[in-house]
Amino acid sequence: MDRPALKKDAKSILNSHFSFYFLLWLPIFILEAVGGIMYVPDMERSDPFTMTVNIGFFLTLLASIMTIGVFFISIDAIRQTLTYENPLQKSFTIFSRGEYFLGTILLYILISIFTFLWTLLLVIPGIIKAFSYSQAYYIYRDAIDHGEQIGYLDAITRSRQLMDGHKWEYFVMILSFIGWGLVVLITFGIAAIWVQPYYTLSFANFYNELADQQTVQPTTSVIDAPQQSIDSSDSSSSDDTSDDSKQ
């Protein structure tokens, strides 16, 4: 996979439509900023779960959910099917269809649980599994848009299949943004106005490239927790035992 080319395409799209992406991300940035400020427990209070903290947590969670909707917009941009109109309205894409919203919530919960369970074994297995599950949202959305009935576990299973042999490439892609992350820190988050859309478009392009290279057929869904069987691609990784690959 040509990582520089994927990032170059993403950067070209962003620079050509920067005002659109600025407005697209603006509601999310505002929610994250307000939520981050409010989600700070008052250390002078005995109970950290104050109303302010709870609201801050809710706003931060809402921003995370809306971000997944922007992932979907980014895929459309990569596939050249996006109309660059009404960016503020498109910020709320995740709420435009019930399947999007419900699927995102349930996938988020399942992925969080599975990743947590693997992390209980060791940190590295948890990270590897997080990479394996990273394409589930895209896969679920594509299936819904094509009128395909897809289960939440099936989306996760297909993501593991799609990432078979590509987790290292995904990791290197993440590492390639470390410099940009430092720029965001140095500018106190201001650079995120450009870096965040660039990052999201790049990884949407990563998924699109994988989807073009490999057609994943529907399979029987399995619960990918440590005590269950896992795909053979992970059997040689540090996160799997020899017993897992035989189940």
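Odds and ends about this structure:
- Among the residues listed as Leu24, Leu88, Leu120, the single one being modelled with pLDDT of 90 or more, of a type outside the set (Ser, Thr, Tyr) and closer than 29 Å to Phe171 by Cα: Leu24
- For the residues Phe116, Phe177, the requirement of being more than 19 Å from Phe71 (Cβ to Cβ) and within 18 Å of the chain's Cα centre (by Cα) singles out Phe116.
- Test: Ser12 is more than 26 Å from Asp142 (Cα to Cα) and modelled with pLDDT of 95 or more: no
- Checklist (1) modelled with pLDDT under 95; (2) more than 18 Å from Leu61 (Cα to Cα); (3) out of contact with any Phe, Trp or Tyr (no Cβ under 7 Å at 6 or more places or on another chain); (4) part of a helix (DSSP H, G or I) applied to Gly126, failing item: (3)
- Among (1) modelled with pLDDT under 90; (2) surrounded by 15 or more Cβ atoms within 10 Å (Cβ to Cβ) - the single one Leu106 does not satisfy: (1)
- Taking (1) in contact (Cβ under 8 Å) with a residue 12 or more places away in the chain; (2) closer than 26 Å to Phe171 by Cα in turn, Ser112 satisfies each apart from (1).
- Matching option when the condition is over 14 Å from the mean Cα position of the chain (by Cα), assigned to a helix (DSSP H, G or I) and surrounded by fewer than 22 Cβ atoms within 10 Å (Cβ to Cβ), among Gln161, Gln196: Gln161
- Residues in region 164-188 that are in contact (Cβ under 8 Å) with a residue 40 or more places away in the chain and assigned to a loop (DSSP other than H, G, I, E, B) were compared, and the one that is surrounded by the fewest Cβ atoms within 10 Å (Cβ to Cβ) is Gly165.
The values are calculated or read from the model by the stated rules, or taken from the named source; none is laboratory data. The model shown is predicted, which means the values in this text are computed figures rather than measured ones. We place every Cβ from the backbone using ideal geometry, glycine too, and count neighbours over all the protein chains shown.
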